[in-house]
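One structure is given below, encoded as structure tokens.
The values are calculated or read from the model by the stated rules, or taken from the named source; none is laboratory data. None of these values were measured; they are calculated from a predicted model. Virtual Cβ from ideal backbone geometry, glycine too; neighbours counted across all protein chains shown. Just the protein is used for accessible areas: all its heavy atoms, side chains included, with ligands, DNA and RNA removed. Shrake-Rupley method; radii C 1.70, N 1.55, O 1.52, S 1.80 Å.
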Amino acid sequence: MKGELINMLPRDEWIQILIHCRNKVQKNTKPLLGEMRKPQPNLGMGAGGDPVKKIDLAAEKAIMDTLEKYASSFTLISEESGLIEHGREPGQCYVTADPVDGTTNLTRGIPFYATSIAVSSEPSLETVHTALVTDLFHGTTYTAQRGAGAFRDDERITSSTNFSVEEGVIGIDLNSYRIQKLASKLTALMSEAKHLRHFGANALELCYVADGTTDAFIDIREKLRTTDVAAASLIIGEAGAKMTTPEGKQLKVRLDPKQTMAFVASGNANIHKRILDLIATQREKE
Ligand SMILES: [Mg+2]
């Protein structure tokens with residue numbers, strides 16, 4: 001009986017557990033930060049398909065240890081280790097994590113990398129109810145609970161109201177061997193935008209759309225893993241921003257380390273529609 005009671009974690013408690021996870025990730029990764037620019041040992045490939053670094057494993061262990069301490073049953077869906085079932089009823093809640101998003105930035109000394117953790121009732125993006133993304137360099141934390149708004153540290157955040165693509169700051173992830181195929185879909189958008197950016201940690205870049213730092217972030221490569229997006233998608237929605245497929249449909253994606261997706265995220269419905277139109281215009285011309 002005791003186990004069953006502990007299993008019934010109210011959603012409010014999850015935000016506190018994610019903050020405990022963040023604190024332990026910060027504590028456990030700090031000693032490794034200084035050596036990240038040195039050559040790294042070969043630790044094989046993670047479940048998401050990227051080479052694993054010591055810091056990825058340290059961050060993942062920090063998350064797993066914290067979850068085991070506070071929750072009796074869960075399934076961890078992690079970019080590094082894949083699926084880890086814990087407890088007697090691992091199907092009762094799902095924790096999707098990218099322990100370190102932006103590891104390349106970290107290894108090169110670019111101060112833009114994050115930890116991303118989302119909690120959901122099913123292994124699907126649309127059931128995420130609690131989310132946290134922490135900028136590990138600056139210490140800024142973005143959180144959201146479904147129906148309760150989005151926050152940057154203690155401050156409630158809302159997305160941009162700018163509706164001009166030309167005036168806006170627009171992020172596009174172009175890292176792909178398929179760039180020649182994708183480029184034609186993006187030409188109209190890139191011609192209209194005057195301030196294009198890509199910072200290299202997509203979870204954090206989506207939080208920049210959520211708090212209005214940027215006006216949109218687009219990733220139509222079909223290559224981004226759901227572990228990068230799970231937390232930020234709720235933060236985006238709770239901040240009033242829009243996030244859909246490149247065709248404007250609702251994102252319905254399975255949470256799995258190997259599952260990839262494409263999306264357009266924008267600060268408001270007006271700029272979102274303009275971006276979707278610009279991508280579609282180009283598509284029809286092909
Ligand atoms: Mg990672």
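Taking a label point 7 Å from the Cα of Glu192 along the Cα→Cβ vector, which residues of region 262-282 have an amide N closer than 20 Å to it?
263-282
Count charges around Phe163 for me, please; just the other residues with Cβ under 13 Å from its Cβ, Lys/Arg as +1, Asp/Glu as -1. Don't skip to the end; give the middle numbers.
Details: positive: Lys242, Lys273, Arg274; negative: Glu166, Glu167, Glu192, Asp215, Asp277.
After counting each charged neighbour, the total is -2.
Hey, got a sec? Which GluC sites (Glu not before Pro) in region 45-123 land in a DSSP loop and have at most 13 other Cβ atoms within 10 Å?
Of the GluC sites (Glu not before Pro), not one in the loops of region 45-123 has a Cβ with at most 13 other Cβ atoms within 10 Å.
Could you compute the FRET efficiency for Lys181 and Gln16, with r as their C-beta to C-beta distance and R0 at 45 Å, rounded to 0.05? If you can, show how the numbers build up before the last one.
On the way: r = 45 Å, r/R0 = 1.00.
Taking R0 as 45 Å, the efficiency between Lys181 and Gln16 is 0.50.
Rolling a 1.4 angstrom probe over the protein chains, ignoring ligands and nucleic acids, what is the accessible area of Arg178 in square angstrom, nearest 10?
70 Å²
Which GluC sites (Glu not before Pro) does region 151-182 hold that lie in a coil by DSSP with at most 15 other beta carbons within 10 Å?
On the way: sites: Glu155, Glu166, Glu167; in loops: Glu166, Glu167.
Sparse-neighbourhood loop GluC sites (Glu not before Pro): Glu166, Glu167.
Amide H to amide H, which residues 5 or more places from Ile157 or on other chains are under 5 Å from it, using H placed in the peptide plane?
When sequence neighbours closer than 5 places are left aside, the close amide H contacts are Ala150, Phe151, Arg152.
Within the set of other residues whose C-beta is less than 11 Å from the C-beta of Pro257, count the net charge using Lys and Arg as +1 and Asp and Glu as -1. Write down the numbers at each step before the final one.
Numbers: positive: Arg225, Arg254, Lys258; negative: Asp50, Glu79, Glu80, Asp98, Asp228, Asp256.
In short, -3.
So what's the back-of-envelope 222 nm ellipticity for the chain, counting only DSSP H runs of four-plus at -39500 (n - 2.57) apiece and dividing by all residues, rounded to 500? Could you put the intermediate results ahead of the total?
Working: 8 runs with 105 residues, N = 286.
For the chain, the value works out to -11500 deg cm²/dmol.
Summing Lys, Arg as +1 and Asp, Glu as -1, what charge do residues with Cβ under 10 Å from the Cβ of Ala62 carry, Ala62 excluded? Spell out each step's value before the answer.
Working: positive: Arg22, Lys24, Lys27, Lys61; negative: Glu60, Asp65.
Charge balance in the 10 Å sphere: +2.
What do you get for trypsin sites (Lys or Arg not before Pro) in region 219-267 restricted to DSSP loop and a cutoff of at most 14 other Cβ within 10 Å of the site's Cβ?
Lys249, Lys252, Lys258
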